[in-house]
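Enquirer: A single structure is presented below for examination.
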Amino acid sequence: MRIFVAKDYHDLSLEAAKVVADEIVQKPGIVLGLATGATPLAMYRELIRMHREEGLDFSQVITFNLDEYIGLPPANINSYRYYMFHNFFRHINIKLKNTHLPNAMAVDVDEACQEYEQQIAGVGGIDLQVLGIGQNGHIGFNEPGVDFALGTHRAQLDEATIADNARFFASRSDVPRYAISLGIKSIMQAKKILLLASGNSKARAIYELVHGAVSNATPATFLKLHHDVQLILDEPAAMHISRA
Ligand code: F6R
């Protein structure tokens, strides 16, 4: 696991954008796995800047998001489809038909999960998966206690995650209880993984990821079994890890 510690969130975001942009330049038809949440926002902003000012080309890029809340239609401002369109896709030259999120309005959720896995397999798998991490060590919506053998599945949000994500909703009771999420198994199939963490609220989970044992008590620790993982942290998120 390679670890880069940036001084702050701004530098973390520039570094992350550089990693993603380099991969796109090397493989213009790259398949990117993308995350939502607060952490990647400034990375997306920097990638938009690179597109506008440096001509970074997304015309052949294919994306698959990690997760989507069950029951929120794409037009809902808290859906991840809305987030991705407004914070990223509409500002770059990506083809919207090449952007994918789980179909969280599907009548048959299991079928939608299988279809998503097939779509990913159909383009040869994810080349670079960008991840955030929850305070409880979740990745995607793989919460503590998750079965690591699951592929894309219907995930129940942990109470801690509901409390955490309530900041994006009018009230805590508005936070959906379920999402469709890539599973640990699907995330582990990505060729490369880039995990971003900012702020001291993530320091405990990062400590477990770097120094702890592999355990579904902290789902991110499964990444220790992946051969190509890079962490980009800021100083507060890195405060508990030993950097000897
Ligand atoms: C988002 C996702 C989540 C977030 C995590 C951190 O698509 O799957 O696992 O990455 O909850 O969220 P922030 O960045 O808001 O702290």
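The values are calculated or read from the model by the stated rules, or taken from the named source; none is laboratory data. Nothing here was measured: the structure is a model prediction, and the numbers come from that model. Positions of Cβ are generated from backbone atoms using ideal geometry, with glycine treated the same way; all protein chains shown enter the neighbour counts. All accessible areas refer to the heavy atoms of the entire protein, side chains included, with ligands and DNA or RNA removed. Shrake-Rupley method; radii C 1.70, N 1.55, O 1.52, S 1.80 Å.
Enquirer: Could you tell me whether ILE180 is outside any loop (DSSP other than H, G, I, E, B), touching a residue at least 60 places away in the same chain (Cβ under 8 Å) and of a type in the set (Val, Ile, Thr)?
Expert: Considered against the rule, which asks whether it is outside any loop (DSSP other than H, G, I, E, B), touching a residue at least 60 places away in the same chain (Cβ under 8 Å) and of a type in the set (Val, Ile, Thr), ILE180 comes out as yes.
Enquirer: Given the options SER201, SER215, name the one that is farther than 23 Å from ASN76 by Cα, among the small types (Gly, Ala, Ser), in a loop (DSSP other than H, G, I, E, B) and more than 17 Å from the chain's Cα centre (by Cα).
Expert: That would be SER215, the only listed residue that is farther than 23 Å from ASN76 by Cα, among the small types (Gly, Ala, Ser), in a loop (DSSP other than H, G, I, E, B) and more than 17 Å from the chain's Cα centre (by Cα).
Enquirer: Looking only at region 166-173, decide whether some residue is closer than 17 Å to ALA38 by Cβ, near the ligand (Cβ under 10 Å from one of its atoms), surrounded by 14 or more Cβ atoms within 10 Å (Cβ to Cβ) and touching a residue at least 12 places away in the same chain (Cβ under 8 Å).
Expert: Yes; the residues of region 166-173 include at least one that is closer than 17 Å to ALA38 by Cβ, near the ligand (Cβ under 10 Å from one of its atoms), surrounded by 14 or more Cβ atoms within 10 Å (Cβ to Cβ) and touching a residue at least 12 places away in the same chain (Cβ under 8 Å).
Enquirer: I've got another one for you. Consider ILE193 carefully, then state whether it is hydrophobic (A, V, I, L, M, F, W, C), closer than 30 Å to ASN98 by Cα, assigned to a loop (DSSP other than H, G, I, E, B) and touching a strand residue (DSSP E or B) at 6+ places or on another chain (Cβ under 6 Å).
Expert: no
Enquirer: Another one. Filter region 118-147 down to residues that are in a helix (DSSP H, G or I) and either surrounded by 20 or more Cβ atoms within 10 Å (Cβ to Cβ) or within 10 Å of the ligand (Cβ to nearest atom) (or both), then give me how many there are.
Expert: Qualifying residue count, region 118-147: 1.
Enquirer: Looking at ALA163 and the list (1) open to solvent by less than 60 Å² (accessible area, probe 1.4 Å); (2) more than 22 Å from TYR44 (Cα to Cα); (3) of a type in the set (A, V, I, L, M); (4) modelled with pLDDT of 95 or more, which single condition is not satisfied?
Expert: Of everything listed in (1) open to solvent by less than 60 Å² (accessible area, probe 1.4 Å); (2) more than 22 Å from TYR44 (Cα to Cα); (3) of a type in the set (A, V, I, L, M); (4) modelled with pLDDT of 95 or more, ALA163 misses just condition (4).
Enquirer: Do we find that LEU150 is open to solvent by less than 10 Å² (accessible area, probe 1.4 Å) and either more than 10 Å from the ligand (Cβ to nearest atom) or at pLDDT 95 or above (or both) in this structure?
Expert: Here the answer is no, as LEU150 does not meet what is asked.
To keep it simple, each residue is scored yes or no on (1) out of contact with any Leu (no Cβ under 7 Å at 6 or more places or on another chain); (2) under 15 Å from THR99 (Cβ atoms); (3) in contact (Cβ under 8 Å) with a residue 60 or more places away in the chain; (4) open to solvent by less than 10 Å² (accessible area, probe 1.4 Å).
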{"position": "TYR9", "(1), (2), (3), (4)": "yes, no, yes, no"}
{"position": "LYS18", "(1), (2), (3), (4)": "yes, no, no, no"}
{"position": "PRO28", "(1), (2), (3), (4)": "yes, no, no, no"}
{"position": "GLY33", "(1), (2), (3), (4)": "no, yes, yes, yes"}
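Enquirer: What number of residues in region 64-102 are touching a residue at least 40 places away in the same chain (Cβ under 8 Å), over 23 Å from ALA190 (Cβ atoms), away from the ligand (no atom under 16 Å from the Cβ) and not in a helix (DSSP H, G or I)?
Expert: So the answer is 2.
Enquirer: If you don't mind, there's one more thing I want to ask. Taking the residues in region 39-63 that are free of Cβ contacts under 8 Å to residues at least 60 places away in the same chain and assigned to a loop (DSSP other than H, G, I, E, B) as candidates, determine which candidate is surrounded by the fewest Cβ atoms within 10 Å (Cβ to Cβ).
Expert: Only one residue tops the list, namely GLY55.
This table checks each residue for (1) within 15 Å of the ligand (Cβ to nearest atom); (2) modelled with pLDDT of 95 or more; (3) more than 30 Å from VAL210 (Cβ to Cβ).
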{"site": "ARG2", "(1), (2), (3)": "no, yes, no"}
{"site": "SER13", "(1), (2), (3)": "yes, yes, no"}
{"site": "VAL19", "(1), (2), (3)": "no, yes, no"}
{"site": "PRO28", "(1), (2), (3)": "no, yes, yes"}
{"site": "ILE48", "(1), (2), (3)": "no, yes, yes"}
{"site": "ALA104", "(1), (2), (3)": "yes, no, yes"}
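Enquirer: Being surrounded by fewer than 19 Cβ atoms within 10 Å (Cβ to Cβ), under 26 Å from GLY122 (Cα atoms) and touching a residue at least 60 places away in the same chain (Cβ under 8 Å) is the filter here, so list the residues in region 183-200 that pass it.
Expert: Across region 183-200, the qualifying residues are GLN189, LYS191, LYS192.
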